[in-house]
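The values are calculated or read from the model by the stated rules, or taken from the named source; none is laboratory data. Owing to the predicted nature of the structure, the values given are computational and were not obtained by experimental measurement. Methodologically, a virtual Cβ is constructed for each residue, glycine included, from the backbone with ideal geometry; neighbour enumeration extends over all protein chains shown.
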Ligand code: SF4
């Protein structure tokens, strides 16, 4: 059982959680399972390249969900659409305009899936890493709430209250592969 409080404010409402990868989501997946929150993880990450890397991250995320008894939904991999989306933003740094478009694209798909499948609450692990801008993700989430008024976004800070230390312990315990770039080819190239 996790020692970190959950503070899920939508008691009895099921949650759809967009997950970017197992290392970022393992702690919150375990915490949700420990607290018996009816959760489904959605894997929708057409930003991840190359395809082998995508498959590896997806399979690992699925295994973690199976381990903790959480449902896992695997949505289509449509990298061509994603590349089109970020055209002209290839050289943007992380936390910049390309990331904003990438986050929004995945959050919108999550919102649409939620509405089509009877979820009222969504959230994401998009800002779990310290390389990401929590405020940027929260701003986009707030726009999603405005765009889809029947949906609620659970604002979740995965870097607070010991969650990061717990996450690292779980990464080790589950022998998870920790990638050294966010996901898109540009995040890899711009590192050099
Ligand atoms: S760095 Fe990450 S969040 Fe930003 S565009 Fe690339 S994959 Fe998306």
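Of (1) under 17 Å from the mean Cα position of the chain (by Cα); (2) in contact (Cβ under 8 Å) with a residue 40 or more places away in the chain, residue 33 satisfies all except one. Which?
The one condition residue 33 does not meet is (2).
Restricting to the range 2-30, what's the tally of residues that are without any contact (Cβ under 8 Å) to a residue 60 or more places away in the chain and either at negative phi or surrounded by 14 or more Cβ atoms within 10 Å (Cβ to Cβ) (or both)?
The first filter runs over the range 2-30 and keeps only residues without any contact (Cβ under 8 Å) to a residue 60 or more places away in the chain, leaving 6-7, 11-12, 29.
With either at negative phi or surrounded by 14 or more Cβ atoms within 10 Å (Cβ to Cβ) (or both) added as a condition, the list becomes 6, 11, 29.
Number satisfying all stated conditions: 3.
Looking at residue 177 and the list (1) more than 9 Å from the ligand (Cβ to nearest atom); (2) modelled with pLDDT of 95 or more, which single condition is not satisfied?
Among (1) more than 9 Å from the ligand (Cβ to nearest atom); (2) modelled with pLDDT of 95 or more, residue 177 violates only (2).
Answer yes if at least one residue in the range 34-44 is surrounded by fewer than 23 Cβ atoms within 10 Å (Cβ to Cβ), part of a helix (DSSP H, G or I) and modelled with pLDDT of 95 or more, and no otherwise.
Yes, there is a match, as at least one residue in the range 34-44 is surrounded by fewer than 23 Cβ atoms within 10 Å (Cβ to Cβ), part of a helix (DSSP H, G or I) and modelled with pLDDT of 95 or more.
Where residues in the range 82-99 are more than 8 Å from the ligand (Cβ to nearest atom) and in a helix (DSSP H, G or I), which of them is surrounded by the most Cβ atoms within 10 Å (Cβ to Cβ)?
Here the residue is 82.
For residue 105, work out the one condition from (1) out of contact with any helix residue (DSSP H, G or I) (no Cβ under 8 Å at 6 or more places or on another chain); (2) in a helix (DSSP H, G or I); (3) within 16 Å of the ligand (Cβ to nearest atom) it doesn't fulfil.
It fails just one condition, (1).
How many residues are more than 18 Å from residue 124 (Cβ to Cβ) and either in contact with a strand residue (DSSP E or B) (Cβ under 7 Å, 6 or more places away or on another chain) or touching a residue at least 24 places away in the same chain (Cβ under 8 Å) (or both) if we restrict to the range 90-112?
The first filter runs over the range 90-112 and keeps only residues more than 18 Å from residue 124 (Cβ to Cβ), leaving 90-93, 96-97.
From what is left, the residues that are either in contact with a strand residue (DSSP E or B) (Cβ under 7 Å, 6 or more places away or on another chain) or touching a residue at least 24 places away in the same chain (Cβ under 8 Å) (or both) are 90-93.
Of the residues in the range 90-112, 4 are more than 18 Å from residue 124 (Cβ to Cβ) and either in contact with a strand residue (DSSP E or B) (Cβ under 7 Å, 6 or more places away or on another chain) or touching a residue at least 24 places away in the same chain (Cβ under 8 Å) (or both).
Among the candidates 67, 58, which residue alone is touching a residue at least 12 places away in the same chain (Cβ under 8 Å), crowded, with 18+ Cβ neighbours inside 10 Å and under 22 Å from residue 171 (Cα atoms)? Even if it seems obvious, please write down each step before you answer.
Working: 67 fails: crowded, with 18+ Cβ neighbours inside 10 Å.
Criteria check complete, one pass: 58.
Looking only at the range 112-153, count every residue that is part of a helix (DSSP H, G or I) and within 24 Å of residue 187 (Cβ to Cβ) and tell me the total. Quick ask: steps written out before the conclusion?
Here is the first cut: in the range 112-153, the ones part of a helix (DSSP H, G or I) are 112-116, 134-147.
Cutting the leftovers down to within 24 Å of residue 187 (Cβ to Cβ) gives us 134-141, 143-144.
Number of matching residues: 10.
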